[in-house]
Amino acid sequence: MMTKSLIRKAKPSKIVGFLTHMSKSLLTIVVIVALSASVTFARADEPRERATARLEDIVVTATKTPHALKDVPVETVVVTREDIERTNAQNAMDVLKNVPGIQTAVHDDVFGTYTWRAKLRGLNFNDGYGLILIDGQRAMGCGQSGGMGEYGIGLNQIPVDMIERIEVVKGPSSALYGSDAMAGVINIITKKVPRKATGSAGVTYGWYTVKEKKNNGTITKPSDEGKSRNVSKHYVFFGDKISDRFGYLLHYNNDSAEDISEDPVKSDRHSFMGKLNADLSESVDVYLRCELSDYEKTDNREEDSYRVSAGIDFRPMDDHFFSLKGYTYTWDFTHGYPGYSYGYKYGDVGYDQGEIQYTWYFNDWNALTLGGEVQKQGINYIIENADGSVVKVEENVDTSSLYVQDEITLFKTFTLVGGLRYDDHSNFGSEVNPKLSLMYKFSEDTTFRASVGKAFKSPTIRQLYYDTPYKHGDYYCKSNRDLQPETAVGYSASIEQFLFDQGIMVNLGYFRTDVEDMVIREDTGTTYNGLPLKVYKNVEEAWTQGLELMCRTYLAEEFSTSLSYTYTDSENKETGKELTYTPKHVFSISPAYELKKYGLGTSATISYIGKQYKNSDNTTQVDEHTVVDAKIYKNLSDKAKLSFEADNLFDSDKGDEGNFRTGRTFTVKFDVSF
């Protein structure tokens, strides 16, 4: 329920198949939960309080208005700082692998590795189907090898130690966020300015092996076979209140690793974040933030990014809230070198945005939000192909937007949220995207959520703006300025149930997304510089649908378990084939146990990923596989912790013999606070 105090079209046969798979999974869950309960329930100490503490967390991404997590009307998953510290994650992508619906199986948890096949509900982030936000603002550019090439969207732009929490909103979100929010939104929220002097520092050192590659009977071994490669990072953070009304935060992070290719190639990144907050009065808050990053991959890549944002929040009365904010982001890059087989690329991508938002709380049961945005993306770079041809890209893309959202809560149990956004795109004209969401609370422990929405996605830079074909692997690709935006309609419904006095939470949901005018690369039947030439076209329709399950336990303070399962079915309607890199089954379980008396703790993650196809013809695949990660730590004092972590403990090939992948990875961490 909204309160003023917070201003602060599926085939039946497929569904039967879903339910069959789910019945087996639910049986497994019941056994696991029962075992957990038998061990911990007798020692439970008010589990409701522990669950309530998490459910009272305030989230804003789903509706751009504050809600307690338990009352947010749009399906939202939150990964807290505590969740992050329980994992072995060295980057943001690995943090998200236990969230149902997010697929990261072809990603390795080593700094500098790509996230270009990461998906949400079967749709690829790197192709612009999922929107990445950093503190509520768009993240552009691949950033520190997070995406693929100069057009990708990187999930790993922010080091893990800078992250406070991550909010994942699933389903079409163009009604609030416009283009690129077709599958959902991931909002990476960085550390907040502390209320008192707070500092921390840490160092990490690790070593890992790279497994050999097998293709058509040919074995290619890494050049340093038998030797370990190194990964390391260190960070320091400090924040304080300058006065009762002013506070600041400073955070520095350095990451380093030696890649997972045939030869060890060092990647190194220096990241800095600064924040300044000012409470000018009881009703006016002002902030200024900056993030700087310098990334280098030896002899291959250099990237610098600069992000500066500022904003003011104004509450003239309890019933009215204004927000005015803006930011500028520049990503400079140099990829490759003259004569490099994949091209020598250099230039920059810039992004500027201004937004105004007004929310009027009519009363405790109705809130109206109005907003407007102006966005400008500037593209200016050159690609020098190895054959001597040159691709010049210099474009400006402007988007002006208006949005409206009305949140209505009736009888304290039923919430209805209607939203509509109008976008005027400099290349594609106007788009209107509506969304309707609802939440019904059957009881304090049972909540139903559902939504339906329309979304659109503008084509990527590569798909639109290259006037000259560029080399991509063993073929050339040509852009198409006549492409139209892709559109989609998405549906979802979920039921959230708490058991054992809120000691266990189970959430089961269904989703479907139908995409029209999907952009693909099509073979022209001609050649360019002696290699096949492909062109981008709007030709395909596709759909994804599936079931998602999440289960968490809060039965005992010492023990917790998180379990997730996703079943995804997909089809390219032009070919009848499954979408690439979309496994039908993804399952993970992450138990954690802490002996506070001795300052000892341990956690693990067991992940199973079903087979997934690597090509659109569904003739090659990544095999099903299981990966086990484990961690043990010792609190040396209330301000110092030593951790030992092992990724891929049983040295799985991750079902992907055709590529170099990491084997066992070991890391040692030491953290102190002051």
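The values are calculated or read from the model by the stated rules, or taken from the named source; none is laboratory data. What you see is a predicted model, and the numbers here were worked out from it, not measured in a lab. Cβ placement follows ideal geometry from the backbone for every residue including glycine, while neighbour counts extend to all protein chains displayed.
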**Asked** Which residues, counting only those in the stretch 493-531, are more than 30 Å from residue 557 (Cβ to Cβ), of a type outside the set (Val, Ile, Thr) and in contact with an Asp or Glu (Cβ under 6 Å, 6 or more places away or on another chain)?
**Response** 516, 517, 518, 529
**Request:** Select from the stretch 454-493 the residues that are acidic (Asp, Glu) and more than 23 Å from the chain's Cα centre (by Cα) and write down the one among them that is modelled with the lowest pLDDT.
**Result:** 467
**Item:** Residues of the stretch 644-666 that turn out to be farther than 17 Å from residue 264 by Cβ and of a type in the set (S, T, N, Q), as a count
**Value:** 2
**Complete:** Within the stretch 102-123, the count of residues that are under 11 Å from the mean Cα position of the chain (by Cα) and either surrounded by fewer than 24 Cβ atoms within 10 Å (Cβ to Cβ) or not aliphatic (A, V, I, L, M) (or both) comes to 4
**Item:** Pairs where the first residue, in the stretch 504-520, is part of a strand (DSSP E or B) and the second is surrounded by fewer than 19 Cβ atoms within 10 Å (Cβ to Cβ) and of a type in the set (Phe, Trp, Tyr), C-beta under 9 Å, 6+ apart
**Value:** 510/18; 510/491; 511/491; 512/491; 513/491; 514/491
**Fill in**
For the stretch 67-86, the count of residues that are surrounded by fewer than 23 Cβ atoms within 10 Å (Cβ to Cβ) and either among the small types (Gly, Ala, Ser) or part of a loop (DSSP other than H, G, I, E, B) (or both) equals 2
**Request:** Go through the residues of the stretch 113-130 one by one and say whether even a single one is touching a helix residue (DSSP H, G or I) at 6+ places or on another chain (Cβ under 6 Å), hydrophobic (A, V, I, L, M, F, W, C) and either at pLDDT below 75 or outside any loop (DSSP other than H, G, I, E, B) (or both).
**Result:** no
**Message:** Can you go through 547, 563 and tell me which one is in a strand (DSSP E or B), crowded, with 18+ Cβ neighbours inside 10 Å and in contact with a Cys (Cβ under 7 Å, 6 or more places away or on another chain)?
**Reply:** 563
**Prompt:** How many residues, within the stretch 344-368, are part of a strand (DSSP E or B) and either within 18 Å of residue 303 (Cα to Cα) or more than 26 Å from the chain's Cα centre (by Cα) (or both)?
**Reply:** 17
**Item:** Only one of 377, 405 that is more than 14 Å from residue 367 (Cα to Cα) and touching a strand residue (DSSP E or B) at 6+ places or on another chain (Cβ under 7 Å)
**Value:** 377
**Request:** Of the numbered conditions (1) farther than 28 Å from residue 327 by Cα; (2) within 23 Å of the chain's Cα centre (by Cα); (3) assigned to a strand (DSSP E or B), residue 259 fails exactly one; give the number of that condition.
**Result:** (3)
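This table checks each residue for (1) buried (at least 19 other Cβ atoms within 10 Å of the Cβ); (2) of a type in the set (Lys, Arg).
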| position | (1), (2) |
| --- | --- |
| 585 | no, no |
| 599 | no, no |
| 630 | no, no |
| 639 | no, yes |
| 647 | yes, no |
| 656 | yes, no |
| 662 | yes, no |
| 665 | yes, no |
| 672 | no, no |
**Flag if residue 236 is aliphatic (A, V, I, L, M) and under 30 Å from residue 654 (Cβ atoms)** = no
**Request:** Using the structure shown, decide if residue 280 is of a type in the set (A, V, I, L, M) and surrounded by fewer than 15 Cβ atoms within 10 Å (Cβ to Cβ).
**Result:** yes
